[in-house]
1. Let's test this: bin the Cα-Cα distances of the chain at 5 Å from zero up to the farthest pair and state each bin's percent.
2. So, in nm, how far is label C26 from label D129 when the simple model puts each one 7 Å beyond its Cα toward the Cβ?
3. Given +1 on the Cβ of Lys and Arg, -1 on the Cβ of Asp and Glu, and no further charges, what dipole in debye does the chain carry about its Cα centre, rounded to the nearest 20?
4. Roughly speaking, to the nearest percent, how much of the chain's 1.4 Å accessible area is carbon and sulfur?
5. Take I39 and R140, extend 7 Å from each Cα along the Cα→Cβ direction, and tell me the distance between the two endpoints in nm.
6. Place a point 7 Å from Cα of K66 in the direction of its Cβ. Which residues in the stretch 3-20 have their backbone N less than 16 Å from it?
7. Residues of the chain: accessible area per residue at 1.4 Å, in Å²?
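The values are calculated or read from the model by the stated rules, or taken from the named source; none is laboratory data. Computed from a predicted structure; not experimentally measured. Backbone-built Cβ (ideal geometry, glycine too); neighbour counts: all protein chains shown. Surface accessibility is based on the protein's heavy atoms, side chains included, excluding ligands, DNA and RNA. Shrake-Rupley method; radii C 1.70, N 1.55, O 1.52, S 1.80 Å.
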Amino acid sequence: MDEFMQYYEKVYPQMYRTALYYMRNCQEAEDAVQDAVLIAYEKFCQLRDKEKFAPWIMQILVNRCKRRMREWFRRESDIEDLSVSHEPDFAMASAVKQVFWELKEEERLIVGLSVFGGYTSEEIAGILDKNHSTVRSRYRRALQKMRKKLEV
């Protein structure tokens, strides 16, 4: 338990930021992180290379977020909860956020992990099980899309 907690304490801030930007709701983000931590704790003994803890638990978190999003859209009454925002209402922040959510799911995930989680393209490639050059090119294209939409 102590070993797990040492690793977990290092990645919690990135986990919460990633979940928050993915879920767009503080409570849902906290729940997603909690779900991911419970799963990771139960399976921690199966992790062979403890140095890969961060990408491993981030992948679990991403999967939990995706599952929660699917459940949201199955229940029509909860769709309105998606618009709840706890961030300051500045025009540019709002525009960037809107453009961010117009990206495809994979692009949002790559940009979110890089910008909000602070992960490198190699680490993101490990989390998504993709080639790191593919991740870099998709990241650049996603940022270009965002720039174009913000310039208009």
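1. 1, 9, 18, 20, 20, 15, 10, 5, 2, 0, 0
2. 3.6
3. Using only the charged Cβ atoms, the result is roughly 820 debye.
4. Answer for the chain is 49 percent, counting heavy atoms of protein chains only.
5. Roughly 3.3 nm, to one decimal.
6. The answer is 19.
7. Working: 9540 Å² over 152 residues.
Accessible area per residue: 63 Å².
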